[in-house]
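One structure is given here, and the rest of the page talks about it.
The values are calculated or read from the model by the stated rules, or taken from the named source; none is laboratory data. In this text, all values refer to a predicted model and were calculated from it rather than measured experimentally. So basically every Cβ, Gly included, is an ideal-geometry build from the backbone, and we count neighbours across all protein chains shown.
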């Protein structure tokens, strides 16, 4: 059963549709959140300051973070949507989620003790560009986004990706020129499936009586 499920996931990944869905969801989400932060960097600056991740003096650290991080999100999300530098973009998003998700969780615990609320009642603007959110839902959302980023990071397919426009013009490519999957023969630009000739059944005529 494990082998069957593994083969299904491999075929789904090879089809390119799995990565396409991940790219649209993950890329669209981070372009939207990053654009909201770019439009109002002061709110994001206050959020970063609230978490205490960086020293307040000199202020250059907080200011640079409030300026750079939103644009990193926009660039990484755009790269995923276009299908270029997929692994680099996915890695960058995964790292950001690994930093900010625990920070939001710790702040939620502090907020819970300050207000005397249960964890499931805690809601505040975490500075993610989405306004006030119920934090337990935010934790689920961020965890889901992290899983999608990891799946994109380890995907072997580049079908439907903009990067294939460049790869097909190279004599040696790490991805198959036909289906966009990771190539077994880089010189030929073929993956294992495309490099294996199909088996054709040969009909054997029965001897006449």
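Some observations on this one:
- Residue in region 130-146 that is part of a loop (DSSP other than H, G, I, E, B) and either at pLDDT 90 or above or in contact with a helix residue (DSSP H, G or I) (Cβ under 7 Å, 6 or more places away or on another chain) (or both) present: yes
- Long-range neighbours under 6 Å by Cβ, at least six apart or interchain, first residue more than 20 Å from residue 101 (Cβ to Cβ) within region 147-173, second at pLDDT below 75 and loosely packed, with under 15 Cβ neighbours inside 10 Å: 172/187
- Some residue of region 4-26 being farther than 30 Å from residue 163 by Cβ and either assigned to a helix (DSSP H, G or I) or under 24 Å from the mean Cα position of the chain (by Cα) (or both): yes
- Among the residues making up region 52-81, those that are in a helix (DSSP H, G or I) and more than 30 Å from residue 158 (Cβ to Cβ) are 60, 61, 62, 63, 64, 65, 66, 67.
- Residue match in region 82-93 (condition: assigned to a helix (DSSP H, G or I), more than 30 Å from residue 10 (Cβ to Cβ) and free of Cβ contacts under 8 Å to residues at least 60 places away in the same chain): no
- The lone exception for residue 167 - which of (1) in contact with a helix residue (DSSP H, G or I) (Cβ under 9 Å, 6 or more places away or on another chain); (2) surrounded by 14 or more Cβ atoms within 10 Å (Cβ to Cβ); (3) modelled with pLDDT of 70 or more it fails: (1)
- Residue selected from region 36-48 under the condition surrounded by 15 or more Cβ atoms within 10 Å (Cβ to Cβ) and out of contact with any helix residue (DSSP H, G or I) (no Cβ under 6 Å at 6 or more places or on another chain), by the criterion modelled with the lowest pLDDT: 47
- If only residues of region 179-197 that are at pLDDT below 70 and farther than 16 Å from residue 155 by Cα are counted, the one that is surrounded by the fewest Cβ atoms within 10 Å (Cβ to Cβ) is 197.
- Residue in region 118-131 that is surrounded by the most Cβ atoms within 10 Å (Cβ to Cβ), counting only those that are over 30 Å from residue 38 (Cβ atoms) and touching a strand residue (DSSP E or B) at 6+ places or on another chain (Cβ under 9 Å): 121
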